[in-house]
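The next block holds one structure in the form of structure tokens; read it before the comments.
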Amino acid sequence: MRSGTGIADNRDTFEGLVREAAAMGAAYVQTPEMTGLIQKNRAALLEAIFAEEDDPIVATAASLASELGIWLHVGSTPIDRGDGKVANRAFLFGPGGRKLVSYDKIHMFDVDLDNGESWRESAIYEPGDRAITIDIEGARLGLAICYDVRFPDIFRRQALSGAEILTVPAAFTRQTGEAHWHILLRARAIENGAFVIAAAQGGPHADGRETYGHSLVIDPWGRILAEKDDDEPGVIVADLDIGAVIEARQKIPNLRNIRPFNLVDVS
């Protein structure tokens, strides 16, 4: 997607792309981080967003999941917590339209980039404190969001909990995306012997930021199964054979080979 500053327009784009994916045969559909709104101005963001029970993206997602009979994963959307802070919150809906779980992004993107960009997510967003795994039809899914990808312990714990599919919906900046997007996602897949699915925001946004795009589906051996090889809105699809997870983890049994150790700091 290329979400802008208007929730209604973003909702319409979201619905159209989900319908397109379902028409292509997708049983599980994932959207990017900040599906409902990308707005870096704090006051304008707080003015535009809703509590979860009133949010148009949440309502539309529930309706689409039910109508289309799909697992619908809203990568995230900003939710008004009611305490002056915002949750960067993901949602997973089942084929009946019921919300199965939500996940609040744990790690806040507080950085100063060498191109002059500065980001302080913690000034607006309240971080979550729990990682999530959940069983969907035929597989276990782990939820994460964007900057979480740089904290591999989340994905390792999810894999040890049985997750065969790891998810990283994102709004990566162009600079960090060009440098690290493919490498980080392939690494998370390889080191955990898991599929990685990462829907992405792409292109110049109305609030002035620019994101990298390049949505990816990666297999447990680190091979790219599908890529939206640009920053334009659109849909990619791939077939996932969960047996590939078993095969990869048999070839490289690092999840079974973990050993406790002590760190000795020799100064």
With a probe of 1.4 Å, find how much accessible area the stretch 142-221 has per residue, and write the answer as a whole number in Å².
30 Å²
Among DSSP beta bridges lying fully in the stretch 10-137, give the percent that are antiparallel, nearest 5.
80 percent
Over all Cα pairs of the stretch 1-156, the Kirkwood radius sets Rh, and Rg/Rh then becomes 0.96
How high is the relative contact order of the stretch 22-119, in percent, with contacts defined as C-alpha pairs under 8 Å that are six or more residues apart?
26 percent
What number in nm² do you get for the stretch 163-267 if you take the convex hull of its Cα atoms and divide its surface by four?
9.5 nm²
Taking the convex hull of the Cα atoms, report for the chain its projected area averaged over all directions, in nm².
15.2 nm²
Filtering the chain for DSSP H helices with an axial alpha carbon extent of at least 15 Å and a Kyte-Doolittle mean of at least 0.0 returns 56-68
When the accessible area of the stretch 52-179 is computed with all protein chains present and a 1.4 Å probe, what percentage of it is carbon and sulfur?
45 percent
To the nearest Å², the heavy-atom accessible area per residue of the stretch 1-122 with 1.4 Å probe amounts to 41 Å²
About its Cα centre, how strong a charge dipole does the chain have in debye, to the nearest 20, once Lys and Arg get +1 and Asp and Glu get -1 at the Cβ?
860 debye
Residue among Gln175, Gln250, Gln39 with the largest mean-square fluctuation in a Gaussian network model of the chain, springs linking Cα atoms under 10 Å
Gln250
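The values are calculated or read from the model by the stated rules, or taken from the named source; none is laboratory data. Only a predicted model underlies this, so the values are computations on that prediction, with no experimental measurement involved. Using ideal geometry, Cβ is built from the backbone for each residue, glycine included, and neighbour counts are taken over all protein chains shown. Calculation scope for accessible area: heavy atoms of the full protein, side chains included, ligands and nucleic acids excluded. Shrake-Rupley method; radii C 1.70, N 1.55, O 1.52, S 1.80 Å.
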